[in-house]
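Take a look at the structure below.
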């Protein structure tokens with residue numbers, strides 16, 4: 001591993017900044033939790049996944065409620081609905097002593113509403129790789145699971161490093177579709193962009209920030225080697241219809257492909273094996 005990447009991984013391993021022993025979250029709010037929280041609520045699937053990993057089977061009952069986690073709903077937890085419109089009343093009814101939220105995934109209004117209701121909310125911001133590691137470290141600390149968190153994060157970094165490929169002179173050019181109506185792609189400054197670059201793949205929309213809407217003409221003009229259509233929880237028929245449309249416009253074998261593993265979009269340890277599958281799909 002190069003000195004640059006050793007430095008990168010060292011930086012993101014640093015513990016969260018503290019104010020007088022308090023942990024500081026992604027909004028700048030400080031929080032002191034002197035004892036392990038016993039009634040935890042999670043408001044993003046990625047946060048739920050890491051919380052479950054940290055608590056393990058013996059302490060999983062500490063997680064009392066969570067937003068919908070397609071295909072991975074945690075047994076014994078109260079379902080709160082989707083992360084972007086979770087039920088506030090259900091969160092309050094769960095009587096949590098800690099609510100874990102995401103700055104980018106949960107609305108600011110909802111988080112503020114929970115705080116006004118007297119709940120203790122801690123917000124993380126896993127918008128890029130450094131943010132992912134920082135967020136996971138924060139979650140581990142706030143749950144009083146720092147040692148186990150460090151082990152899980154270390155494994156995730158090793159697995160990710162094993163996939164790293166330098167961007168060559170003629171990399172594969174890819175577009176990642178996240179929506180069809182309207183047509184939305186992953187642009188620059190996103191976690192997907194960073195993951196693509198990590199495995200030596202060029203995102204043809206890296207010059208457009210965030211998740212822009214683009215025209216069919218723009219996509220065809222940029223001529224990707226592969227158009228990756230993310231399933232995004234859509235029904236198979238809906239996705240296949242989108243793919244069939246693109247195959248009429250983009251000729252060539254395996255240039256339009258469906259990627260069904262939404263773990264790629266989840267800033268958690270499960271995104272690493274999903275990234276490996278995506279790289280294999282792109283290389284076919």
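The values are calculated or read from the model by the stated rules, or taken from the named source; none is laboratory data. Bear in mind that the values here come from a model prediction, so they are computed numbers and not experimental data. Reconstructed Cβ throughout: ideal geometry from the backbone, glycine too, with neighbour counts over all protein chains shown.
At a glance:
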{"read-out": "So residue 178, is it outside any strand (DSSP E or B) and buried (at least 16 other Cβ atoms within 10 Å of the Cβ)", "value": "no"}
{"read-out": "Those residues of region 213-259 which are modelled with pLDDT of 85 or more, surrounded by fewer than 14 Cβ atoms within 10 Å (Cβ to Cβ) and within 25 Å of the chain's Cα centre (by Cα), in sequence order", "value": "213"}
{"read-out": "Test: residue in region 123-130 that is surrounded by fewer than 17 Cβ atoms within 10 Å (Cβ to Cβ), under 18 Å from residue 267 (Cα atoms), out of contact with any strand residue (DSSP E or B) (no Cβ under 8 Å at 6 or more places or on another chain) and not assigned by TED's automatic domain parsing to the domain that holds residue 191", "value": "yes"}
{"read-out": "Among (1) under 13 Å from residue 47 (Cα atoms); (2) without any contact (Cβ under 8 Å) to a residue 60 or more places away in the chain; (3) assigned to a loop (DSSP other than H, G, I, E, B), the one test that residue 81 misses", "value": "(1)"}
{"read-out": "Any hit, region 165-172, residues being closer than 30 Å to residue 24 by Cβ and either in contact with a strand residue (DSSP E or B) (Cβ under 6 Å, 6 or more places away or on another chain) or touching a residue at least 60 places away in the same chain (Cβ under 8 Å) (or both)", "value": "no"}
{"read-out": "Residue ID - surrounded by the fewest Cβ atoms within 10 Å (Cβ to Cβ), chosen from residues in region 268-284 that are at pLDDT 90 or above and in contact with a strand residue (DSSP E or B) (Cβ under 9 Å, 6 or more places away or on another chain)", "value": "277"}
